[in-house]
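Let me begin by presenting the structure, written as structure tokens, before commenting on it.
Every number in this text was worked out from the coordinates using simple rules, so none of it is lab data. Remember, it's a predicted structure, so these values are computed and weren't measured experimentally. Backbone-built Cβ (ideal geometry, glycine too); neighbour counts: all protein chains shown.
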Amino acid sequence: MNAAMELAEQFNPFTGISPSFGPFAELLESKFGMFLALAWVIGFFACAYFLIEAIGRAAKSKRNGLAGDLDETRGELVRVGAATIGMASLPVLYTILISA
């Protein structure tokens, strides 16, 4: 058993690696940054919830054959989908703006 432990210690791929938030490290050190991160997470989960709800409404309208309701739910699905994509892209945009 000792030989296996010694071999594992010699070839540990995680030696010298420490976790980091990368470009978000400076932002997350302040209370304001933590508040922004919390607001973003809550907003992202809300968008995801409304996206799932809109998908369910569209499926129900299609299954029941309600053409007028289907058009309305598709419009809602597009709006909520765009909001979810926008929320998901905010960290990427922040990283691009900070690194530029």
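Using a Förster radius of 41 Å, what is the FRET efficiency between Glu6 and Ile96 based on their Cβ-Cβ separation? Nearest 0.05, please. Rounded to the nearest 0.05, the efficiency is 0.35. Estimated purely from DSSP H runs of n ≥ 4, each contributing -39500 (n - 2.57), the mean residue ellipticity at 222 nm for the chain is -27000 deg cm²/dmol once divided by its residues.
Entry note, the chain: relative contact order of 29 percent, from Cα contacts under 8 Å with a spacing of 6+ residues. Peptides 40-48, 23-31 ordered by packing proxy, namely the average of other Cβ atoms within 10 Å per residue, highest first: 40-48, 23-31. Relative to the longest principal axis of the Cα atoms of the chain, the long axis of helix 67-99 lies at roughly 30 degrees. Calculated from the structure at hand, Cα Rg over 2.2 N^0.38 Å is found among (1) 1.73; (2) 1.78; (3) 0.98 as (2).
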